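Peer 1: So that we are looking at the same thing, I have put the structure below in structure tokens.
The values are calculated or read from the model by the stated rules, or taken from the named source; none is laboratory data. Fair warning: this is a prediction, and the values are worked out from it, not measured in the lab. So basically every Cβ, Gly included, is an ideal-geometry build from the backbone, and we count neighbours across all protein chains shown. The area values use the complete protein model at the heavy-atom level, side chains included, leaving out ligands, DNA and RNA. Shrake-Rupley method; radii C 1.70, N 1.55, O 1.52, S 1.80 Å.
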Amino acid sequence: MIRAENIYKSFGDQEVLKGISFTFEAGKNNLIIGRSGAGKTVLLKILVGLFPPTAGKVWYNDQNLCVLKPQELRQLRLKVGMLFQGNALFDSMTIEENIRFPMDMFTKRTPAEKQKQVDYCLERVSLSGINKKFPSEISGGMQKRVGIARAIVLEPKYLFCDEPNSGLDPKTAITIDDLINGITKENKITTIINTHDMNSVMEIGDNICLVDHGKLAWQGNKSEVLSSKNETLHDFIFASPFLQKLVNQINADKI
Amino acid sequence: MIKDALEHFGKFVAWQPQIYKKPENRSMYQKEIIRQMYDIGIGSLGIVFLISVFIGAVTSVQFYYQMEGTLIPPYYIGYVVRDMTIIELAPTITCLVLAGKVGSNMAAEIGGMRQKEHIDAMEIMGVNTSAYLVMPKTVAAVLVIPILVCVAAILSLLGAYVASVPTGLFTAAEYTRGVRSFFIPYNVFMMLVKAVVFAYILTSVSCYQGYFVKGGSIELGAASTRAVVFSDILILLSDYIIAVLLTA
């Protein structure tokens with residue numbers, strides 16, 4: 001479980017987050033949604049410890065992330081995996097070296113054990129056999145899956161995903177969502193996904209936090225989204241002209 | 001401007017303890033040091049060879065031009081070329097050139113990693129990126145650059161020989177006698193001190209510029225340029241300070 005407690009964040013005079021409190025539950029897909037510029041990425045980076053909050057606390061169970069010493073923070077981070085929006089795969093390393101990197105750095109496993117774990121992770125993301133390729137030699141969707149494989153190689157308790165579906169076609173996006181959902185449920189980890197993909201919201205949104213203008217505008221789960229009367233949520237969901245037309249058409253048919 | 005300079009200096013000094021912390025995994029750091037030693041050492045041999053040979057050649061020819069017709073014996077040319085090379089030209093010119101080649105490369109490499117979120121990714125894995133990305137480069141440079149400077153000094157003396165003896169400026173015996181005259185081993189020590197200090201300056205300044213880069217490709221280019229300019233300025237400044245301190 002991760003809990004954000006009254007988080008504020010300012011960059012100079014610009015206040016990006018204005019007192020957000022939210023509990024991200026274990027074994028669930030916790031989605032942070034909102035428009036571009038709402039403060040989602042800043043919130044995610046505060047949760048993962050890349051930005052310090054201006055005020056507020058981030059609790060990993062009973063550990064306050066904001067007051068940890070560098071060594072304690074590094075220990076905690078061994079339990080964290082993250083998928084970046086741009087994948088952040090090391091482009092001068094092969095896929096296998098990318099996935100093996102955290103094990104090389106932090107474990108004393110034998111080469112055979114490392115190889116077994118790399119193969120398992122690649123198999124888990126359905127990419128067996130691409131070990132020796134470089135990130136530039138595979139597609140964007142495959143790079144996302146390699147990013148997930150690297151994020152789970154040390155069997156983390158917390159998984160962060162920043163815009164996992166950005167730049168992907170709808171089918172590949174669904175594959176990525178299914179993969180993240182499967183990993184979350186199988187391993188009962190706390191997964192926090194920063195997204196503005198409505199398919200993700202409706203498919204895997206176990207616990208949703210809508211951020212608007214730096215504040216928590218709505219919280220709930222996927223089954224509560226459509227029935228909610230919250231205007232901000234409504235505006236966000238039906239921002240797409242296609243969806244609006246669809247809803248209008250359904251309403252017209254009903255009449 | 002002074003405020004900015006002081007701010008950067010403070011940030012640079014405060015950053016140093018982060019770099020020299022205990023490695024998470026010694027063998028990973030050792031591998032990286034060896035890779036960097038190869039890149040800096042073998043990768044720079046060509047340019048060091050070219051520059052050293054020509055500097056030696058030009059020094060001998062020009063010194064002959066100045067001494068011609070005077071009462072100073074010709075073998076002094078070998079002596080002067082040797083001492084100029086060892087005390088000043090080999091460490092300073094080599095490191096100024098390496099600041100351009102190796103320093104800009106380091107700034108661009110680390111800056112690129114910052115922009116592509118590689119550094120963030122490593123931080124989230126629990127890696128001390130200041131140490132992992134900078135320490136191996138600094139250690140490798142401090143070990144390899146003094147060797148390159150020694151190679152440069154030898155090549156410079158060979159360059160002086162090749163440019164002067166076959167062309168008849170003076171004889172091989174005169175040159176050899178000059179090179180072997182009045183040799184003070186302390187000068188070699190001075191050369192090595194300079195090489196180590198300059199190596200540290202060019203790597204740490206360049207890595208600092210890359211590590212803290214913000215913005216896009218234009219800012220990365222500017223950081224790379226700053227890495228070379230600041231390294232060169234600090235190398236020249238420290239050259240003067242070392243000269244004053246070690247010859248006092």
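Peer 1: If you take the residues in the stretch A:49-80 that are touching a strand residue (DSSP E or B) at 6+ places or on another chain (Cβ under 7 Å) and assigned to a helix (DSSP H, G or I), which one is surrounded by the most Cβ atoms within 10 Å (Cβ to Cβ)?
Peer 2: The residue in question is A:65.
Peer 1: Still on this structure, I have one more. Determine if the stretch B:136-144 includes at least one residue that is in a helix (DSSP H, G or I), within 14 Å of chain A (Cβ to nearest Cβ) and open to solvent by less than 70 Å² (accessible area, probe 1.4 Å).
Peer 2: yes
Peer 1: Residue by residue through the stretch B:37-88, note down the ones that are polar (S, T, N, Q) and open to solvent by 60 Å² or more (accessible area, probe 1.4 Å).
Peer 2: To start, the set of residues in the stretch B:37-88 that are polar (S, T, N, Q) comprises B:44, B:52, B:59-60, B:62, B:66, B:70, B:85.
Result: B:62, B:66, B:70.
Peer 1: Among the residues of the stretch A:53-76, which ones are polar (S, T, N, Q) and within 11 Å of chain B (Cβ to nearest Cβ)?
Peer 2: Of everything in the stretch A:53-76, those that are polar (S, T, N, Q) and within 11 Å of chain B (Cβ to nearest Cβ) turn out to be A:71, A:75.
Peer 1: Continuing with the same structure: If you scan the stretch A:77-108, which residues turn out to be more than 17 Å from the chain's Cα centre (by Cα) and more than 8 Å from chain B (Cβ to nearest Cβ)?
Peer 2: A:92, A:93, A:94, A:95, A:96, A:97, A:98, A:99, A:100, A:103, A:107, A:108
Peer 1: If I ask for residues that are part of a helix (DSSP H, G or I), free of Cβ contacts under 8 Å to residues at least 12 places away in the same chain, within 14 Å of chain A (Cβ to nearest Cβ) and not aliphatic (A, V, I, L, M), which ones from the stretch B:4-38 would you list?
Peer 2: Result: B:17, B:26, B:27, B:30, B:31.
Peer 1: Let me ask something else. Determine which single condition residue A:221 fails, assuming it passes every other condition in (1) more than 21 Å from residue A:1 (Cα to Cα); (2) open to solvent by 40 Å² or more (accessible area, probe 1.4 Å).
Peer 2: For residue A:221, the exception is condition (1).
Peer 1: Which numbered condition trips up residue B:116, out of (1) within 14 Å of chain A (Cβ to nearest Cβ); (2) touching a residue at least 12 places away in the same chain (Cβ under 8 Å); (3) surrounded by fewer than 18 Cβ atoms within 10 Å (Cβ to Cβ)?
Peer 2: So residue B:116 meets the others, but not (2).
Peer 1: Do we have any residue at all in the stretch B:91-103 that's open to solvent by 20 Å² or more (accessible area, probe 1.4 Å), of a type in the set (A, V, I, L, M) and touching a Gly at 6+ places or on another chain (Cβ under 8 Å)?
Peer 2: no
Peer 1: If you take the residues in the stretch B:184-208 that are closer than 25 Å to residue B:226 by Cα and open to solvent by 20 Å² or more (accessible area, probe 1.4 Å), which one is farthest from the chain's Cα centre (by Cα)? Let's see the steps before the verdict.
Peer 2: Our first condition is that a residue be closer than 25 Å to residue B:226 by Cα; within the stretch B:184-208, this holds for B:193-208.
Imposing the further condition that a residue be open to solvent by 20 Å² or more (accessible area, probe 1.4 Å) reduces the set to B:193, B:196-197, B:200-201.
Numbers: B:193: 11, B:196: 8, B:197: 9, B:200: 8, B:201: 8 Å.
The extreme case among them is B:193.
Peer 1: Let me ask something else. Of the residues B:184, B:218, which single one is of a type in the set (A, V, I, L, M) and within 30 Å of residue B:117 (Cβ to Cβ)?
Peer 2: B:218
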